Amino acid sequence: MAVFTILPSLAAPLFERWEETMLWSCLEGLMGEVQADSPSAPRSVRALVGDFCFLAGEPSPELVRWPEGRTAPCLLMVPRTPDWAPFIEAAFPGRCRAVSRYAFDKDPSVFDLARLKTLIRAVPEGYSLRRIDSTLYRQALAEDWSRDLVSLFQDWEDYRLHGLGVAALFGEELVCGASSYSYYSRGYEIEIDTREDHRRRGLARACAAAFILESLRLGRYPSWDAATPISAALAVQLGYRPAGAYLTYEVHPL
């Protein structure tokens, strides 16, 4: 069976009520693409955004195959329902791992703005925070640890128009950042990365607090989705309200 790239609107009913901003970016036609088992009347769909693949509808062996042309070393497959799991495991024997990710309610009223401002002021001596500009954008792209802060955007102009980021600097060197991994019409999905030799100094917390405040000031929602319990704990410290864990498959090509 062939796989077809389709208009996001055709897949929207199968993704309905899925509270995931990266998926919304795709359905709004802003980032990624939607593929299906039919060009006009899909029953099985997947949305590809960055390193993520969201699966919905009837489970399909074709739609859990590795996307054609993708060169990334890993893909995170997120099934809408558990019945996709056997198809994913069959497609990637010995090359997939079930992991938990952690979701949070998307409620802008939960944040204590005064506390977030306090966290920003807690940046250690020798460090400073700065909005990601063209220079920091290029720095982020140049290093493996920081590339995901900006890599889903086509170029600096795309990021300037649609993205948002706060960087922690040690001197003039980028060492941590909170940035928009993706964007949708009403907000951003946050990506946070810290260079290994500058971790455990409160930089991620400070950058995230600054990002949240600026996002809210712009009338945009700063969505958080955690890959680890450590990231989930940081989200709670910042004011996010947990919405539960969900199943994801980390898959690798041959």
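Report the antiparallel proportion of the DSSP beta bridges in the chain as a percent, rounded to a multiple of 5. Kindly include the intermediate steps, with their values, before the conclusion.
Working: 45 of 52 bridges.
Once the DSSP bridges in the chain are tallied, antiparallel ones form about 85 percent.
Once R0 is set to 30 Å, what does the formula 1/(1 + (r/R0)^6) return for the Cβ-Cβ distance between R241 and R199, expressed as a FRET efficiency to the nearest 0.05? Don't skip to the answer; put the middle values down first.
Working: r = 26 Å, r/R0 = 0.85.
After rounding, the FRET efficiency stands at 0.70.
What part of the accessible area of the chain, given as a whole %, is carbon or sulfur when the probe is 1.4 angstrom? Kindly include the intermediate steps, with their values, before the conclusion.
On the way: 6360 of 12160 Å².
On the chain, the fraction of accessible area on carbon and sulfur atoms equals 52 percent.
7 Å from Cα along Cα→Cβ at both A114 and R17: what's the point-to-point distance in nm?
It works out to 3.9 nm between the two label points.
So between E68 and E28, what do we pick up on full extension, going 0.36 nm a residue minus the alpha carbon distance?
Working: separation 40, 0.36 × 40 = 14.40 nm, distance 2.25 nm.
So the chain would gain 12.1 nm between E68 and E28.
Before I look further, what does the chain give for accessible area per residue, probe 1.4 Å, in whole square angstrom? Mind showing how you got there, number by number?
Details: 12160 Å² over 254 residues.
Per-residue accessible area for the chain comes out at 48 Å².
Which length gain, in nm to one decimal place, applies between L141 and E125 when the Cα-Cα distance is subtracted from 0.36 nm times their residue separation?
Roughly 3.1 nm would be gained on extension.
Please work out the Cα center distance from region 85-109 to region 184-254, rounded to the nearest Å.
Centre-to-centre (Cα) distance: 17 Å.
Say R0 is 41 Å: what FRET efficiency, to the nearest 0.05, do E214 and A2 get from their beta-carbon distance? Please report the intermediate quantities before stating the final value.
Working: r = 44 Å, r/R0 = 1.07.
Efficiency computed from Cβ-Cβ geometry: 0.40.
Rounded to the nearest 500 deg cm²/dmol, what is the calculated helix-only ellipticity per residue at 222 nm for the chain, with -39500 (n - 2.57) per DSSP H run of length n ≥ 4? Working shown, then result.
Working: 8 runs with 68 residues, N = 254.
Counting only the DSSP helices, I get -7500 deg cm²/dmol.
Between S40 and Q154, what is the label-point separation in nm under the 7 Å Cα-to-beta-carbon projection?
3.0 nm
If you restrict to DSSP beta bridges whose two residues both lie in region 18-131, what percentage is antiparallel, to the nearest 5? Write down the numbers at each step before the final one.
Values: 10 of 14 bridges.
Among the beta bridges of region 18-131, antiparallel pairing accounts for roughly 70 percent.
The values are calculated or read from the model by the stated rules, or taken from the named source; none is laboratory data. Bear in mind that the values here come from a model prediction, so they are computed numbers and not experimental data. As a convention, Cβ positions derive from the backbone with ideal geometry for all residues, glycine included, and neighbour counts pool all protein chains shown. Calculation scope for accessible area: heavy atoms of the full protein, side chains included, ligands and nucleic acids excluded. Shrake-Rupley method; radii C 1.70, N 1.55, O 1.52, S 1.80 Å.
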